[in-house]
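Asks: Got a structure for you, written out below as structure tokens; questions coming shortly.
A short reminder: the numbers here are calculations on the coordinates, not readings from a lab. What you see is a predicted model; the values in this text were computed from it and never measured. Glycine also receives a Cβ, built like all others from the backbone with ideal geometry; neighbour counts cover every protein chain displayed.
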Amino acid sequence: MITIFYFAGLKEAAGTAHEQADLAGRTVNELLEWVGKRYPQMPLDAVRVAINEEYALAEDVLQPGDTAALIPPVSGG
Amino acid sequence: MITIFYFAGLKEAAGTAHEQADLAGRTVNELLEWVGKRYPQMPLDAVRVAINEEYALAEDVLQPGDTAALIPPVSGG
Amino acid sequence: MKAYEIVTEPIDPQRYADYVLRPEAGAVTLFTGHVREWTRGIRTLYLAYEAYIPMAEKMLDRIGAEMEEKWPGTRTAIAHRIGELKIGEIAVVIAVSSPHRRDAYEANEYAIERIKELVPIWKKEIWENGTEWIGDQRRKPEEGENP
Amino acid sequence: MKAYEIVTEPIDPQRYADYVLRPEAGAVTLFTGHVREWTRGIRTLYLAYEAYIPMAEKMLDRIGAEMEEKWPGTRTAIAHRIGELKIGEIAVVIAVSSPHRRDAYEANEYAIERIKELVPIWKKEIWENGTEWIGDQRRKPEEGENP
């Protein structure tokens, strides 16, 4: 299992801040496809993914126990 | 008469912060020549002159009652 | 305080300036980002910031490490506040000290640019007639233009 | 306080930051110049600043006017302290607020550059083995190099 975090508008679209899913062994790209099917209204165009608090590449593979955070465009400052 | 102000190292070289001199009608350049003769040790190379608190040009003419300040290279900040 | 932190209480910028000052520092630059009342003609009532806190602090720490590499001899502290902020309140503070002023300006500006690229923090603007997560793809009421 | 002033007492930088903040300002940059202990290997004990006060305040005011023309919408306050200053103490503070951060950085750095060109203030460094009016043509002990 991996844990998925949603923030800002994505959290509102998902209706939850985090959930668990059986996506170990899948890539970051496959994770985004899974999320897009689950929440068709969720705006994923400019979303980056962080695995265990580090920005990840599209081909990076999720390991069991990983935390994957969906990072919409940031607007701090 | 005009009043001449000396600052920083110039004040130490002159031994005074200000003095009066009969230089009305003279130019800024002539003022500097007068000062250079009066205080041969005074370093005047990079000195600017302000008349009545505004930087003046070499050809500007001193008027009676003017205040002329000798401004050595500044080092604020 | 930590040199790189996400906080929930009002920010006292002077604490961060004091933190970076050392006897060899001739210059300190302190940047504060404040909640603006008016942005492109729309009146903001207040802002709400959210962060992915552990990653945000890790990224602030990384920005600080980048700065020390690019401008050796600088020392940096950064804090970003989250939660609800009123008009005029400080959202972010960046303090940089350096022996010479040029580095203190450059490094400070680098920090805010990197924060806006890298750090997982999101701003929601609350107006009289609606709200928006800034940075997302939705449009603002009455304007039809992305920020 | 005045927006452009020469002072003799310790500077509280936050007063100048507060002075320039307005509801439309999203960014405030605060620069403080401090007395450094070490400059090019020479240990400073303390500094003494002298100013041609009325002209210095007039020139600070002029720099502020130049900034408002170059960066419309910015608001500025500047103070320079004179007299004897200890290591770490603040000699100069420049506060600039602006709707957007870029202007606040640029205008602030412009101010310190112009101060160093234009404003009749002089710094005397006091070391263990001598003194020097900085900016003049004399040499430092043990170094033979102009600053």
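Asks: How big is the dipole moment of chain B about its Cα centre under a simple scheme where the beta carbon of each Lys and Arg is +1, that of each Asp and Glu is -1, and everything else is neutral? Debye, nearest 20, please.
Replies: In debye, rounded to 20, chain B gives about 220.
Asks: Turning to a different aspect of this structure: Rounded to the nearest 20 debye, what is the charge dipole size of the protein assembly as shown about its Cα centre when +1 sits on each Lys and Arg Cβ and -1 on each Asp and Glu Cβ?
Replies: Values: 52 positive and 74 negative charges, 49 e Å.
Using Cβ point charges on Lys, Arg, Asp and Glu, the protein assembly as shown gives about 240 debye.
Asks: How high is the relative contact order of chain C, in percent, with contacts defined as C-alpha pairs under 8 Å that are six or more residues apart?
Replies: On the way: 293 pairs, mean separation 48.3, N = 147.
Normalised by residue count, the contact order of chain C is 33 percent.
Asks: Using θ = phi - 60° and the Karplus curve 6.51 cos²θ - 1.76 cosθ + 1.60, what whole-Hz ³J(HN,Hα) does each residue of region D:83-93 get, with Gly and Pro shown as x?
Replies: Taking θ as phi minus 60°, the curve returns x, 8, 10, 8, 3, x, 6, 8, 8, 9, 10 Hz for region D:83-93.
Asks: Right, next: Amide H of C:T39: which non-local residues (sequence gap of 5 or more, or other chain) have their own amide H closer than 5 Å, using H built in the peptide plane?
Replies: C:T44
Asks: Which net charge results for the neighbourhood of C:I11, defined as the other residues with beta-carbon distances under 11 angstrom from its beta-carbon, given Lys and Arg at +1 and Asp and Glu at -1?
Replies: Numbers: positive: C:R15, C:R81; negative: C:E5, C:E9, C:D12, C:E89.
Net charge around C:I11: -2.
Asks: Moving on to the next point. Roughly how many Å is it from the Cα centre of region A:10-52 to that of region C:39-74, as a whole number?
Replies: 24
Asks: Going by amide H atoms built from the backbone, whose H comes under 5 Å of the H on A:V49, apart from near neighbours?
Replies: Correct list: A:A56, A:I71.
Asks: Summarise the long-distance tail of P(r) for the protein assembly as shown by giving the % of C-alpha pairs beyond 35 Å. The partial results should precede the final answer.
Replies: Values: 43739 of 100128 pairs.
Counting every Cα pair in the protein assembly as shown, those more than 35 Å apart make up 44 percent.
Asks: Another question, if that's okay. Under unit Cβ charges (Lys, Arg +1; Asp, Glu -1), what dipole magnitude, rounded to 20 debye, does region D:4-133 have relative to its Cα centre? Mind dumping the intermediate values first?
Replies: On the way: 17 positive and 22 negative charges, 41 e Å.
Charge dipole of region D:4-133: 200 debye, to the nearest 20.
Asks: Could you give me the ³J(HN,Hα) list for region B:37-50, computed from phi with Karplus coefficients 6.51, -1.76, 1.60 and θ = phi - 60°, whole Hz, x at Gly and Pro?
Replies: 6, 6, 10, x, 7, 6, x, 10, 3, 10, 7, 9, 10, 10
Asks: Count the net charge of all other residues whose Cβ sits under 15 Å from the Cβ of A:A24, scoring Lys and Arg as +1 and Asp and Glu as -1. The partial results should precede the final answer.
Replies: Values: positive: A:R26; negative: A:E19, A:D22, A:E30, A:D60, A:D66.
Around A:A24, the surrounding residues sum to -4.
Asks: Report Rg(Cα)/(2.2 N^0.38 Å) for chain D, keeping two decimals.
Replies: Details: Rg = 16.2 Å, N = 147, 2.2 N^0.38 = 14.7 Å.
Output field value: 1.11.
Asks: What number, in nm² with one decimal, is the all-direction average of the projected area of the convex hull of the alpha-carbon atoms of chain B? Could you put the intermediate results ahead of the total?
Replies: Values: hull surface 18.9 nm².
So the mean shadow area of the Cα hull is 4.7 nm².
Asks: List the relative contact order of region B:2-71 as a percent without decimals, with contacts defined as Cα pairs under 8 Å and 6+ residues apart. Write down the numbers at each step before the final one.
Replies: On the way: 116 pairs, mean separation 30.9, N = 70.
This gives 44 percent for region B:2-71.
Asks: Anything over 30 Å Cα to Cα? Flag those among C:K70/C:K116; A:K37/C:K86; A:K11/C:K86, in the order listed. Mind showing how you got there, number by number?
Replies: Working: C:K70/C:K116 19 Å; A:K37/C:K86 38 Å; A:K11/C:K86 23 Å.
Going by Cα-Cα distance, A:K37/C:K86 fall outside the 30 Å limit.
Asks: Residue-wise, which Karplus ³J(HN,Hα) couplings in Hz belong to region A:53-63, taking 6.51 cos²θ - 1.76 cosθ + 1.60, θ = phi - 60°, and x for glycine or proline?
Replies: In residue order, the calculated couplings are 6, 10, 4, 10, 8, 4, 8, 4, 9, 6, 9 Hz.
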